[in-house]
Amino acid sequence: MHVLRMSRLSHKLAEEIGLPEQECQLILQASPMHDVGKIGVPDEILPKPGKLDKKEWAIMKKHPEIGAEILSGSHSILIQMAETIALTHQERWDGSGYPQGLKGEDIPLAGRIVAICDVFDALTSKRYYKEAYSIEKSMQIIEEGKGKDFEPRLVDAFKKVLPEMIRIVKELPDTEPAHILKVYRQNDNEVLSK
């Protein structure tokens, strides 16, 4: 459900900062591919409980470049956006991110948007290596990252739409695979009926 939440969170943030609807839709559709590069990360690393060692972390940090490579070469605007997001969603506002150490506005806007939404969703979700944090604790961490990890105006915009972000997280909880199929079928029926 992470990719579904992430895409809706990213879309909402893109809307809040006033991006044109076409660009908001591209972010909605491209952002679920942000972690496609994790295909290249060994299975024993991804679900590992606890902290990754230096070697494992070096392997994990390759996933943005692997994802960009998988998505590269397309003439589709959607896939080009997905490639950009895959490559840049781990970059940080102060240049401390990876893989390229981009800083500030050198990081494409779509990557900056997905970065904050990805972190928020990771914080508020249970993972192999941690329990879910409360909304309050998650927002405290996001706020602490303002100007360091995240563009300040994106943090401010995120806070403005926080009630809607919370609704998205609650509407799409991590559940059993059968529920996921039900959600997809429901969404397919909605798309087909339009």
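Observations
- When the range 108-121 is filtered for residues that are of a type in the set (A, V, I, L, M) and either touching a Lys or Arg at 6+ places or on another chain (Cβ under 9 Å) or assigned to a loop (DSSP other than H, G, I, E, B) (or both), only Ala115 remains.
- Selection of the range 164-182 for residues being closer than 20 Å to Ala122 by Cβ, part of a helix (DSSP H, G or I) and at pLDDT 50 or above yields Glu164, Met165, Ile166, Arg167, Ile168, Val169, Lys170, Glu171.
- Extreme residue, farthest from Ile59 (Cα to Cα), among residues of the range 99-111 that are buried (at least 17 other Cβ atoms within 10 Å of the Cβ) and out of contact with any helix residue (DSSP H, G or I) (no Cβ under 6 Å at 6 or more places or on another chain): Leu109
- Per-region count, the range 53-99, residues touching a Leu at 6+ places or on another chain (Cβ under 8 Å) and on the phi > 0 side of the Ramachandran plot: 1
- Unmet requirement for Asp156, which otherwise passes all of (1) in contact (Cβ under 8 Å) with a residue 12 or more places away in the chain; (2) closer than 20 Å to Leu19 by Cα: (1)
- Across the range 132-153, a minimum of one residue is classified as among the polar types (S, T, N, Q), in a helix (DSSP H, G or I), over 14 Å from the mean Cα position of the chain (by Cα) and surrounded by 19 or more Cβ atoms within 10 Å (Cβ to Cβ).
- Qualifying residue in the range 76-95 (condition: within 27 Å of Leu154 (Cα to Cα) and touching a strand residue (DSSP E or B) at 6+ places or on another chain (Cβ under 8 Å)): yes
- Residue match in the range 116-130 (condition: under 20 Å from Arg5 (Cα atoms), loosely packed, with under 12 Cβ neighbours inside 10 Å and at pLDDT 95 or above): no
- Each residue in the range 44-80 was checked for being surrounded by fewer than 16 Cβ atoms within 10 Å (Cβ to Cβ), of a type in the set (Gly, Ala, Ser) and without any contact (Cβ under 8 Å) to a residue 40 or more places away in the chain, and 5 of them qualify.
- Unique residue being charged (D, E, K, R), in a helix (DSSP H, G or I) and either more than 18 Å from Val41 (Cα to Cα) or in contact with a Pro (Cβ under 9 Å, 6 or more places away or on another chain) (or both) when the list is Glu91, Glu83, Glu105: Glu105
The values are calculated or read from the model by the stated rules, or taken from the named source; none is laboratory data. Predicted, not measured: the structure shown is a model, and the values here were computed from it. Cβ: placed from backbone, ideal geometry, glycine included. Neighbour counts: every protein chain shown.
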